[in-house]
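Right, one structure below, let's go through it.
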Amino acid sequence: EGRDPKTGKIKRVVNFDVLRQLLGDDTVEDATEAYEFNWVGKQEARAEVLRPINKTLRPVKEDSVDWDNTQNLYIEGDNLEVLKLLQKSYLGKVKMIYIDPPYNTGNDFVYHDDFSQSQSEYDAASGAVDELGNRYRKNTDSNGKYHSDWCSMMYSRLMVARSLLSEDGVIFISIDDNEIENLKKICNEVFGENNFVGHWNWFKSATPPALSKKIKKNIEYILAYQKGGNNDVFTGVKKTSSSNDPITKPQNTYKDLLFPAGSISTKLADGVYPKGIYGTEKFPNELLNDLIVKNGKNENDVTFRNRFIWVQTTLDEQLSNGTRIELSKQLVISYKKAEYNCEVPPSLIDIQVGVDTTENAGRYITDIFNGKKIFDYPKPVSLLHYLTNFFIEGDKGSTILDFFSGSATTAHSVMQLNAEDGGNRKFIMVQLPEETAEDSEAFKAGYKNICEIGKERIRRAGKKIKEESPLTTQDLDTGFRVFRVDESNFEDVERTPKEYNQDQLDLFLNNVKSDRTDLDLLFGCMLDWGVKLSLPMSSEEVDGKMIYTVNDGDLVACFADKVTDKVVKAMADKQPLRVIFRDSCFAQDADKINIYETFKQLL
């Protein structure tokens, strides 16, 4: 412990002499050379990660859907602040993070995290502050810290986001050529170079804009890192293509395989096909005895000689497991399994693996918004669907986070995937309420910021999914609770004796801000105690006072004045783990003691 020279308060400090003794020979005072990635502002970005935050998340019930029952969250605000606020409640509980951050093209907005400037100094410098006090600006390439500002923005957010990932969790990050090298270096530092899974090339556009004089860019990249060193995190991708697999390989030796009667399916006409060499010039196939075809099946046992990948016992086992053997009109043999094992995904993501381009994604979201082009260059739902199936296809209760939510494609994908396999995956979307341009179709349609677009997209997508499959989506969670970052629920009452005056003494009686509701206070306490914001809750009125119950008794609260014995008994009947009252609930201190004793007796 040491004393802060500015405030005079006792605080926790590090004794570097003791630390050096513990580290022994593994310390260095002044290394002249080191292999490291550095930029202007990195130390401040690292300091910002550890800086405490005096803000809260206020519920916006009127923007939410199915508030009482949903487990999904949509949070408006600076994502660094949101990530910090979520740390207690979601530490190590997020299975997958996907983000599509600004690519730093010279026209993107980036968060401005230089808190060494005062608000007025920043306003004078950029003027980019919205009505909620969020600070962001366009990062043009004329900025002297063009790359550094982007690196600082990403570094601090990834540092905090890592703490939310579970030990078997994975993060996917979309990026283009502008910052991929810097992003990978940042991620190597934050997640560890050994936890780099790989990067995928997504074929984003068949018709890229012809702006570049050097190369048309139709590829974007997706980096993936895992939290821990568990190599079993990625289970692979289930094959969904309708194509058959070849049963031969050119490098294999020749083998004879006997196919029992009725084991081959074919579109050959009924008849007898004499023994001989068939197939194609590239894939010849030798038939060793006459083949009799009737009603699309081989009526007799038939033997082929080829460079088969299987021996006879493997073929017999495959047939017993439901594998389908097919013979083309050229007498080329192939197979299709009843169910495939998961495969390692290829490095190219395109239509061959069922993933759309951004053009198709744009048309899709335009259709959802009744023909209006509300959002430029959205990611396709199929891309998120594909990435999610890399490793959590079997984990149907996972939490998936996107803290650069944009048009909320991730939320749409989660709902769609749950509808297809009956899962209960939850999403957390985080987005800065960046204003839409006044000449945009979104603004003209009434969407003043990106958050309004994202929330409406989730509403419409959820409704569409349920309408398309009404029998199987009755219990599908397409709702979401909306929260907004705001200043603390409490007035700042920390003063030195010299700063107090008589008019401020009321702050000691009630320091809750006058515009705060019961739900504001309830969720503020849930954040402080590390309770998930998505837990189910209910409310009931007892003796004229409202009682709030979270998750059948994890937390029970009442914020009304002058609580009665009947209210206390009703709260105790719920067998709560935690109980919350406002200080103003009690007329005098003796009432607190009485209620405490009442709870002891009833519990």
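Just so you know, all these numbers are worked out from the coordinates, no wet-lab data involved. Note that the structure is predicted; figures quoted are calculated from it, not measured. Positions of Cβ are backbone-derived with ideal geometry, glycine not excepted, and every protein chain shown enters the neighbour counts.
Remarks
- Relative contact order for the chain, counting Cα pairs under 8 Å that sit 6 or more residues apart, in percent: 18
- For segment 6-62, chymotrypsin sites (Phe, Trp or Tyr not before Pro) meeting the loop criterion (DSSP other than H, G, I, E, B) and having at most 14 other Cβ atoms within 10 Å: Tyr35, Phe37.
- Note on the chain: helix-only mean residue ellipticity at 222 nm, from DSSP H runs of 4+ residues weighted -39500 (n - 2.57) and normalised by residue number, equals -8500 deg cm²/dmol.
- Evaluated over segment 3-44, the Cα radius of gyration and Dmax, each in Å: 15.4, 40
- Charge tally in the Cβ shell below 12 Å around Phe523, where Lys, Arg are +1 and Asp, Glu are -1, Phe523 excluded: +2
- Over all orientations, segment 351-491 has a Cα convex hull whose mean projected area works out to 10.3 square nanometres.
- Kirkwood radius for segment 541-603, taken over all pairs of different Cα atoms as the inverse mean of 1/r, rounds to 11.5 Å.
- Gyration tensor verdict on segment 328-404 (Cα atoms; rounded if a/c is under 1.5, prolate if a/b is larger than b/c, oblate otherwise): oblate
- Taking one quarter of the surface of the C-alpha convex hull of segment 11-84 gives a mean projected area of 9.7 nm².
- Of every Cα-Cα pair in segment 410-469, the percent that sits beyond 17 Å: 47
- Cβ-defined net charge surrounding Val550, 14 Å radius [Lys, Arg +1; Asp, Glu -1]: -2
- With 0.36 nm allotted per residue and the present C-alpha distance subtracted, the Lys396-Asp376 stretch has 4.1 nm of extension available.
- Bridgeable aspartates and glutamates around Lys217 (alpha carbons under 12 Å apart, same-chain partners fewer than 8 residues away excluded): Asp176, Asp177.
- Stretch gain in nm, segment Glu189-Thr105, where the contour uses 0.36 nm per residue and the Cα spacing is subtracted: 27.9 nm
- Three principal axis lengths of the chain [C-alpha, angstrom, descending]: 109, 66, 62
- Within the chain, longest stretch free of exposed GluC sites (Glu not before Pro) [DSSP loop, at most 12 other beta carbons within 10 Å]: 132-280
- Principal-axis tilt of helix 589-602 within the chain, Cα atoms, nearest 10 degrees: 40
- Among the listed pairs Lys282/Lys337; Lys426/Lys455; Lys184/Lys426; Lys11/Lys513; Lys337/Lys379, those with a Cα-Cα distance over 26 Å are Lys184/Lys426; Lys11/Lys513; Lys337/Lys379.
- Net charge of the neighbourhood of Asn360, taken over other residues with C-beta under 12 Å away and scored Lys/Arg +1, Asp/Glu -1, is -1.
- Lysine pairs with alpha-carbon atoms under 18 Å apart, segment 32-99, spacing 8 or more or separate chains: 4
- With the convex hull of the Cα atoms taken as the outline of segment 152-223, the averaged projected area works out to 5.8 nm².
- Longest to shortest principal axis, alpha-carbon extents of segment 241-316, angstrom: 33, 31, 27
- In degrees, nearest ten, helix 450-468 long axis to first principal axis of the chain (Cα): 50
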